[in-house]
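Before any comments, here is the structure.
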Amino acid sequence: MWETIIGSVISAVTAIVVCILNSNANHKKLISELEKHDELQAYRIEQLEKKQDKHNNLIERTFILEEKIKVANHRIDDLERKD
């Protein structure tokens, strides 16, 4: 009778230890995957920020050129009126 109980307890403890080890390994794997995912997201955000900076620079340059064109057109109009 005691042999059966001791055998059952040993089996249960072994099963629990295996479950804990398996859970720990899965947890480490999940953390590793999440860290890789975070790195990829950070890289993608960085690339989007670079594209946005280029776009904003283009918008600023376009605005400056539009202002210069307005000034040039006014000068042309003034010169045409003098003739």
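Values quoted throughout were computed directly from the atomic coordinates according to the rules given, and no laboratory measurement underlies them. Worth saying up front: this structure is predicted, and the values here are computed from it rather than measured. Cβ coordinates were reconstructed from backbone atoms using ideal geometry, including for glycine residues, and neighbour counts include every protein chain displayed.
Give the residue from V18, N57, T4 lying farthest towards the positive end of the charge dipole for the chain; charges sit on Cβ (+1 for Lys and Arg, -1 for Asp and Glu) and the dipole is referred to the Cα centre.
N57
Which FRET efficiency value, to the nearest 0.05, do you get for H37 and I16 by plugging their Cβ-Cβ distance into 1/(1 + (r/R0)^6) with R0 = 30 Å?
0.45
So if I place +1 on the C-beta of Lys and Arg and -1 on the C-beta of Asp and Glu, and nothing else carries charge, what would the dipole magnitude of the chain be about its Cα centre? I want it in debye, nearest 20.
In debye, rounded to 20, the chain gives about 120.
At a temperature of 20 °C and a viscosity of 1.002 mPa s, determine how fast the chain diffuses translationally according to Stokes-Einstein, using the Kirkwood radius over alpha-carbon pairs as Rh; express D in µm²/s, rounded to the nearest whole number.
The calculation lands on 108 µm²/s.
Determine which aspartates and glutamates satisfy two conditions relative to K36: a Cα distance under 12 Å, and not lying fewer than 8 residues away in the same chain.
Reachable aspartates and glutamates: none.
Given a Förster radius of 41 Å and the C-beta distance between V9 and R44 as r, what FRET efficiency does 1/(1 + (r/R0)^6) yield to the nearest 0.05?
After rounding, the FRET efficiency stands at 0.20.
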